[in-house]
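J.: Before anything else, here's the structure in question.
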Amino acid sequence: MIIGTIASHSALQILRGAKDEGFETLLISDEKRKSFYERFNLADEIITVKSFSQVMSEGLQEKLIEKNVILVPHGSFVEYVGAKAMLELKVPVFGNKRVLEWESEREKSFEWFKRAGIKMPQEFKKPEDIDRLCIVKLGGAKGGRGYKLVRNAEEFYREFGELKEGMVLQEYIVGTRFYPSFFYSPLSKENDLFSIDIRYEANADALSRLPPTIRVDPTYVVTGNLPVVMRESLLPEVFEFADSLVYESKKLFPPGLYGPYCLELCCTDELELYLFEISARIVAGTNVWIPYAPYAYLKYGEAMTMGGRIAMEIKEAEREGRMKEIVS
Ligand code: ATP
């Protein structure tokens with residue numbers, strides 16, 4: 001069995017984890033990135049493609065199936081190939097592909113959160129309903145591009161002209177953002193917190209460096225990640241969120257959410273936690289904790305990364321003849 005992924009995001013961590021567990025590795029790369037990945041010597045084979053959507057081509061899929069490859073999806077993988085297109089992928093993918101639709105379509109993810117009974121920022125259906133500071137998210141936008149803050153309908157129309165398809169008007173939570181990464185194992189049924197990061201976003205995170213007389217609108221383009229820990233007293237509630245999301249996912253899209261996932265939370269000065277999004281696959285913020293995910297270390301007493309945990313699960317499933325439970 002070979003563990004493969006696409007050359008971006010957390011590919012290095014996924015390949016390192018696979019190698020550490022004794023797997024052969026394969027990387028799908030474009031010409032531009034190939035030499036970067038070669039420097040790390042983590043891919044036993046690199047397949048070069050013109051564009052990453054080529055993963056969907058019959059020829060490449062057949063080749064991957066023949067080689068007995070399991071593909072590990074990450075954020076860029078889903079972005080380049082598309083959550084819908086991935087449903088048609090015949091190569092085994094680690095995790096439940098159906099969850100990718102539920103995480104990427106906002107209406108669906110809000111329904112999931114609601115059913116799980118999790119506090120979310122208030123949503124406003126039309127600009128006239130806005131009665132507090134709101135973040136306006138654009139349909140199909142990735143990485144917060146073009147998002148703006150408005151306080152009322154007037155400001156909304158001044159910024160955007162009209163309400164467009166897919167726009168979300170969401171209460172802006174002033175507080176600290178936290179991105180806790182979990183791994184739910186369908187084999188052991190353990191739902192483990194691994195680590196927490198905070199996204200470093202341009203230029204929202206740069207504004208405090210400017211004098212107050214200079215006004216620049218915030219944008220939310222992720223440029224990096226920082227390690228962070230939460231007050232330990234907040235963690236029980238974070239686990240409650242994670243457990244109920246896993247529980248509801250089993251009913252909404254069986255067999256539900258499993259493998260790595262990450263909650264996008266904001267905590268106010270009243271210590272109230274709000275969930276505004278979920279990433280249902282490995283997030284790049286786990287890279288900051290290589291080789292020790294702190295909470296995995298606290299529980300298991302050994303160095304563990306999310307990439308390594310994925311490979312461990314594949315190994316375990318292979319040993320127990322339970323591959324069907326971990327791929328889709
Ligand atoms: P990605 O797909 O990369 O997660 P996205 O386009 O889905 O991005 P969000 O993650 O929802 O966008 O939002 C981008 C950023 O905007 C967040 O990381 C956070 O900093 C900020 N943000 C989003 N929603 C809220 C909110 N309700 N309150 C406060 N900040 C928010």
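The values are calculated or read from the model by the stated rules, or taken from the named source; none is laboratory data. Fair warning: this is a prediction, and the values are worked out from it, not measured in the lab. Heads up, the Cβs are rebuilt from the backbone with ideal geometry, glycines too, and the neighbour counts pull from every protein chain shown. Please note that ligands, DNA and RNA were not included when accessible areas were found on the heavy atoms of the full protein model with its side chains. Shrake-Rupley method; radii C 1.70, N 1.55, O 1.52, S 1.80 Å.
J.: Return the residue satisfying two criteria in turn: it lies in the stretch 80-100 and is within 16 Å of the ligand (Cβ to nearest atom) and under 17 Å from residue 27 (Cα atoms), and of such residues it is most open to solvent (accessible area, probe 1.4 Å).
T.: 80
J.: For a quick check of your reading: which strands (runs of 3 or more DSSP E) sit entirely within the stretch 1-66 and have at least 2 residues that are under 20 Å from residue 326 (Cβ atoms) and touching a Gly at 6+ places or on another chain (Cβ under 8 Å)?
T.: Hits in the stretch 1-66: 24-30.
J.: Something else: Go through (1) within 16 Å of the ligand (Cβ to nearest atom); (2) buried (at least 16 other Cβ atoms within 10 Å of the Cβ); (3) at pLDDT below 95; (4) not β-branched (Val, Ile, Thr) and name the single condition residue 105 misses.
T.: Evaluating residue 105 over (1) within 16 Å of the ligand (Cβ to nearest atom); (2) buried (at least 16 other Cβ atoms within 10 Å of the Cβ); (3) at pLDDT below 95; (4) not β-branched (Val, Ile, Thr) leaves (2) as the failure.
J.: Which of the numbered conditions does residue 247 fail, given that it passes all the others? Conditions: (1) of a type outside the set (A, V, I, L, M, F, W, C); (2) open to solvent by 50 Å² or more (accessible area, probe 1.4 Å); (3) in contact with an Asp or Glu (Cβ under 7 Å, 6 or more places away or on another chain).
T.: So residue 247 meets the others, but not (3).
J.: Could you list, in sequence order, the residues of the stretch 164-180 that are in contact with a strand residue (DSSP E or B) (Cβ under 7 Å, 6 or more places away or on another chain) and among the charged types (D, E, K, R)?
T.: Kept after step one, since they are in contact with a strand residue (DSSP E or B) (Cβ under 7 Å, 6 or more places away or on another chain), are these residues of the stretch 164-180: 167-173, 175-180.
Within the stretch 164-180, 171, 177 meet the criteria.
J.: Same structure, new question: Given 301, 285, 321, 308, which one is at pLDDT 95 or above and within 16 Å of the ligand (Cβ to nearest atom)? Even if it seems obvious, please write down each step before you answer.
T.: Working: 301 fails: within 16 Å of the ligand (Cβ to nearest atom); 321 fails: within 16 Å of the ligand (Cβ to nearest atom); 308 fails: within 16 Å of the ligand (Cβ to nearest atom).
The match here is 285.
Yes or no, residue by residue, for (1) under 29 Å from residue 324 (Cβ atoms); (2) in contact with a Pro (Cβ under 9 Å, 6 or more places away or on another chain); (3) not assigned by TED's automatic domain parsing to the domain that holds residue 186:
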| residue | (1), (2), (3) |
| --- | --- |
| 81 | yes, yes, yes |
| 85 | yes, no, yes |
| 98 | yes, yes, yes |
| 107 | no, no, yes |
| 127 | no, no, yes |
| 154 | no, yes, yes |
| 164 | no, no, yes |
